[in-house]
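Okay, so here's the structure we're looking at.
The values are calculated or read from the model by the stated rules, or taken from the named source; none is laboratory data. Everything numeric here is computed off the predicted structure, so don't read it as measured data. Cβ: placed from backbone, ideal geometry, glycine included. Neighbour counts: every protein chain shown. The protein model used for the area step is the full one, side chains on, heavy atoms only, and it has no ligands, DNA or RNA in it. Shrake-Rupley method; radii C 1.70, N 1.55, O 1.52, S 1.80 Å.
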Amino acid sequence: MLAVTSGRSWSTALALALGGYLLVDLLRIWLPSVITIYGGAGPTAGSRLGLFAALWVALGLVAVPLVGPVNPRLLAMIGALGMGTARAVLQGTNGGPAQLYLASLGVTAAVVWLVSMAGSSLAGRSASVGVTAGIAAAVTVHVALRTVDLLWWAGPGPWLAVVLAGLALVAVTWLATSRGERETATPGLWFTIGPVLLLVGVVTGSPARAEAAAGWGQYQASFVLLIACCLGVLGCLRARALTRSPLVAALALLALLAGATLPRTTVNGITGLLPGWVVWAQAGSALALAACLGWAGEGQRRTLARRRAAAAGAGVVLCWVLAAGYTAYDTSPSYPNRWLLLVGGVLVGTGAVAGAGSAHTWAPMRDRARQRRVDFAVLAATCVALIGALVTAAASIRPITNHGPARYPVRLVSYDVRMGFDLRGHFDPDDIGQTIQAQRPDIVVLNEVDRGKMTDGGHDVLQLIAEYLGMPYLFAPAADEVQGNAILTRFPIRSVFSEPIADPGSPTGASALAVVLSLDSGQQLAVVATHFQPDNSGQIPLAEVQRAHQLAIGLIAKDRAVVLAGNLNAQPGSRQLAALGPDLVDALASRRPLPTFPSDRPDQQLDHVFVTPDLTASNIQVPASADSDHRAVAVTVAPRS
């Protein structure tokens with residue numbers, strides 16, 4: 001631990017912690033709102049979405065040239081009031097334009113606040129510790145609430161929490177900016193915060209991504225990440241003692257990010273999964289990120305307020321550019337988007353080196369007693385956060401059972417769940433679970449399953465739906481490692497495998513997940529879950545259909561029937577669906593017309609169930625529900641007599 005020429009300010013640390021927490025919380029609301037409300041989760045062009053999002057960021061950056069002519073304290077108070085007010089009022093929305101524009105205004109206010117705090121004279125070490133603590137708080141709450149943000153919880157508790165957080169932010173912002181520090185944080189620290197937000201959203205602060213790694217029990221990986229993020233506060237405080245050099249911290253971050261983001265593996269026949277050991281790399285990258293923030297805050301010197309504000313603004317711009325590039329793989333497949341995360345790591349490392357490079361008080365602290373007190377306080381806070389998250393999560397976790405009668409007739413539900421968001425952009429996986437449960441399914445096929453994607457809010461919608469239904473699940477990545485298809489069932493599983501079916505270089509990946517189930521009668525039932533994806537012309541490539549068809553017919557055997565289900569993005573009579581015959585027949589033909597999309601006023605049937613001719617279909621239902629942009633399809637299948 002290092003002594004600094006200006007004393008550590010608790011108000012600065014608390015202001016950055018509360019502001020960082022609220023900023024992460026607002027981003028988890030704003031990004032999916034842009035996608036699902038403004039963009040309609042598909043119809044709106046990616047370039048238009050990017051411009052819309054950039055507008056709100058740019059509005060916040062107007063504060064950069066105002067720092068100097070206008071007192072940064074006044075601007076910071078405006079930003080804090082805007083963040084707190086927007087977040088509090090958001091709690092009363094239920095999706096729709098109000099949610100979209102309040103979240104957008106909140107993000108704009110957050111940019112104003114961050115830039116203005118940079119323009120204020122704040123101690124660097126206090127600021128870096130505050131940012132790290134804010135990240136730890138955001139991850140702790142996310143784990144405790146099973147990745148369901150406070151906005152999506154009803155009752156007075158969430159209201160009280162967000163109102164108190166907003167009021168506290170205003171108060172500590174006022175206190176932190178009330179006097180200038182003799183020496184202040186360098187521009188390197190403020191520049192670093194933007195890329196840090198990207199890495200936190202995608203990797204180091206994403207418990208849902210950790211849950212998607214293979215081989216971990218329910219919520220075990222989330223708690224590993226929570227512990228790492230909380231201990232990161234200690235790593236930030238002791239950055240020099242633990243890493244000796246900012247270059248060591250930067251290189252460690254880069255190596256651990258590569259380990260957490262680049263590897264893919266095949267487990268039990270399912271391709272594209274994150275290996276189980278990736279969770280340790282993810283936790284390590286959270287610690288390395290905290291160390292980089294610690295180094296970035298070590299440098300203390302007088303710099304121009306506008307220069308610090310400009311550095312913070314530049315970091316925000318780079319965060320947005322990298323985030324837009326990372327999430328644009330569905331429109332720009334010409335580059336591997338995972339490498340952009342390493343670019344973010346390089347930027348964070350650069351900020352750490354730049355911040356530490358100006359430090360001139362690199363003497364170890366002589367007050368060992370104080371050092372031990374600080375270490376103990378961080379460890380105690382980590383234990384409190386862990387216990388609190390465990391107790392809170394345990395109160396709402398539902399058991400997943402592995403047993404159930406496996407016999408014909410079999411009730412199957414196919415549902416494109418749109419990452420858990422309804423037509424108004426409201427996230428409620430319980431509503432989706434209720435719609436499915438009403439059909440009393442034996443097998444559930446899910447499309448557009450999200451397990452931690454940053455732009456969708458970082459939720460693990462698959463685990464939440466599985467808990468509601470009490471059904472075990474199998475997940476196969478498609479678009480990326482955290483988004484794809486799933487099958488839920490209590491039937492005994494005989495074999496499972498998945499295959500990519502999209503053409504190389506297609507805008508959005510498509511895959512097929514196949515599961516062979518054993519029935520009590522000695523028969524078998526194979527289920528193929530897939531989601532056909534259009535090419536750049538908007539059409540489903542026939543080659544994609546043919547690959548899924550070949551996979552399905554390859555499963556046909558004596559005493560084994562096959563079902564293929566999912567959002568096929570094609571209507572009855574199309575040449576794409578015709579390519580599935582004659583080996584597979586349309587199980588829903590007897591009930592047509594059977595529109596499933598859009599869910600509020602359906603006029604297209606995009607969701608289908610095909611079966612081998614030895615099966616019959618009955619009790620076909622399309623429940624009237626707007627819990628997703630598609631309606632679910634339910635059907636009972638049995639052997640043809």
Check your understanding: Expressed as cubic angstrom per residue, what is the convex hull volume of the alpha carbon set of the chain?
Key -> 131
Check your understanding: Under a point spin-label approximation (7 Å from Cα along Cα-to-Cβ), what is the Ala624-Tyr408 distance to one decimal in nm?
Key -> 3.4
Revision key, fill the gap. Residue separation between Thr271 and Arg302 times 0.36 nm, minus their alpha-carbon distance, gives in nm 5.9 nm
Check your understanding: With the dipole of the chain worked out from charges on the C-beta (+1 for Lys and Arg, -1 for Asp and Glu) around the Cα centre, which of Ala323, Val378, Ser495 lies farthest toward the positive end?
Key -> Val378
Study note, to complete from the structure: HN-Hα couplings for region 151-157 via Karplus (6.51, -1.76, 1.60; θ = phi - 60°), in whole Hz with x for Gly/Pro, come out as 4, 8, 9, 8, x, x, x
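About the Cα centre of region 528-641, how large is the charge dipole given +1 on each Lys and Arg Cβ and -1 on each Asp and Glu Cβ? Please answer in debye to the nearest 20.
Dipole about the Cα centre, nearest 20: 300 debye.
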Check your understanding: Ignoring ligands, DNA and RNA, what percent of the 1.4 Å accessible area of the chain is carbon and sulfur?
Key -> 62
Study note, to complete from the structure: Whole-Hz Karplus couplings 3J(HN,Hα) for region 527-542, θ = phi - 60° and coefficients 6.51, -1.76, 1.60, Gly and Pro as x, run 10, 10, 9, 8, 9, 5, 10, x, 8, 5, 8, x, 9, 7, x, 4
Practice item. Mind checking the per residue accessible area of the chain for me, 1.4 Å probe, whole number of Å²? Key: 36
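State the extension gain, in nm to one decimal, for the chain segment bounded by Asp559 and Leu55, taking 0.36 nm per residue of separation less the distance between their alpha-carbons. The partial results should precede the final answer.
Numbers: separation 504, 0.36 × 504 = 181.44 nm, distance 5.90 nm.
Using 0.36 nm per residue and subtracting the Cα-Cα distance, I get 175.5 nm.
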Study note, to complete from the structure: From most to least accessible, 1.4 Å probe, no ligand or DNA/RNA atoms counted, Trp10, Trp174, Trp152 line up as Trp10, Trp174, Trp152
Exercise for review: Using only Cα atoms, locate the centre of region 114-142 and the centre of region 565-641, then give the distance between them in Å, rounded to an integer.
Suggested key: 51
Point to revise | Principal axis dimensions, largest first and in whole angstrom, of region 115-212 by Cα | key: 44, 32, 17
Review point. What are the residues whose amide H is under 5 Å from the amide H of Val70, where those residues sit 5 or more places off or on another chain and H is modelled from the backbone?
Key: none
Practice item. For region 237-264 and region 199-219, write down the distance between their C-alpha centroids in whole Å. Key: 18
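Relative contact order of the chain, please, whole-number percent, based on alpha carbon pairs below 8 angstrom and at least 6 residues apart.
Numbers: 1439 pairs, mean separation 93.2, N = 641.
Value for the chain: 15 percent.
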Revision key, fill the gap. CD proxy, 222 nm, the chain: helix-only mean residue ellipticity via -39,500 (n - 2.57) per DSSP H run with n ≥ 4, per residue, nearest 500, stands at -16000 deg cm²/dmol
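Ala98 to Ser641: FRET efficiency via 1/(1 + (r/R0)^6), r the Cβ-Cβ distance, R0 51 Å, to the nearest 0.05? Could you put the intermediate results ahead of the total?
On the way: r = 55 Å, r/R0 = 1.08.
Efficiency at R0 = 51 Å is approximately 0.40.
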Practice item. Rank these by accessible area, largest first, 1.4 Å probe: His426, His403, His142. Key: His403, His426, His142
**Study point:** Approximate spin-label separation Leu262-Asp503, in nm, with each point projected 7 Å along Cα-to-Cβ
**Key:** 3.0
**Study point:** Inter-label distance for Leu74 and Ser574, nm, one decimal - labels placed 7 Å from Cα along Cα-to-Cβ
**Key:** 5.8
Study note, to complete from the structure: Here FRET efficiency (C-beta to C-beta, Val89 to Ala171, R₀ 22 Å, nearest 0.05) is 0.70
Point to revise | Debye, to nearest 20: dipole size of the chain, +1 on Lys, Arg Cβ, -1 on Asp, Glu Cβ | key: 2200
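Stretched out fully, how many nm does the piece from Arg179 to Gln434 gain, at 0.36 nm a residue minus the Cα gap? Spell out each step's value before the answer.
Working: separation 255, 0.36 × 255 = 91.80 nm, distance 5.44 nm.
Length gained between Arg179 and Gln434: 86.4 nm.
Highest mean first, how do 583-593, 75-85 rank when packing is the count of other Cβ atoms within 10 Å averaged over residues?
On the way: 583-593: 16.4, 75-85: 23.2.
Ranked from most to least packed, the peptides come out as 75-85, 583-593.
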